[in-house]
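In what follows, a single structure is set out as structure tokens and then discussed.
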Amino acid sequence: MDGMLIAIAMMLVLGALLGLGLGIADKYLAVEVDERVEAVTAMLPNYNCGGCGYAGCAGLAQALVDGEVTTVGTCKPCKADKKERIAEYLNTTPGPDGTCLHVKV
Ligand code: SF4
């Protein structure tokens with residue numbers, strides 16, 4: 001009976017230590033993600049055709065957010081209304097540094 005209580009206590013202590021370790025790792029090892037990349041990826045056609053020169057739509061979204069590409073029209077399959085929506089979103093939504101982009105349709 002004592003052995004079982006010791007095993008349960010050890011499991012609780014081990015669980016608490018591992019949980020604490022995960023909590024600390026989450027706080028100090030977190031990768032900052034610019035949520036605009038996800039939003040723009042969702043607005044692109046998601047054909048992942050590579051016609052824009054990137055491996056997929058997420059690549060073009062990242063390039064737009066990074067300022068590497070300044071024209072949404074780089075994505076040829078994207079419809080005009082979507083291009084306008086993406087440009088408006090990027091031109092009005094500030095990034096982590098508090099500034100907006102100047103992207104053309
Ligand atoms: S051209 Fe458009 S649809 Fe094709 S991968 Fe690039 S962003 Fe996606």
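A few notes on this one:
- Take the conditions (1) away from the ligand (no atom under 11 Å from the Cβ); (2) under 16 Å from the mean Cα position of the chain (by Cα); Asn91 misses just one of them, which is (2).
- Test: Ala42 is of a type in the set (A, V, I, L, M, F, W, C), out of contact with any Asp or Glu (no Cβ under 9 Å at 6 or more places or on another chain) and more than 14 Å from the ligand (Cβ to nearest atom): no
- Residue count for region 53-78 satisfying the condition of being charged (D, E, K, R) and either within 9 Å of the ligand (Cβ to nearest atom) or in contact (Cβ under 8 Å) with a residue 12 or more places away in the chain (or both): 1.
Quick note: the coordinates plus some simple rules give every number you see, no bench work behind them. Everything numeric here is computed off the predicted structure, so don't read it as measured data. When we count neighbours, we look across all protein chains shown, and the Cβ atoms used for this are built from the backbone with ideal geometry, even at glycine.
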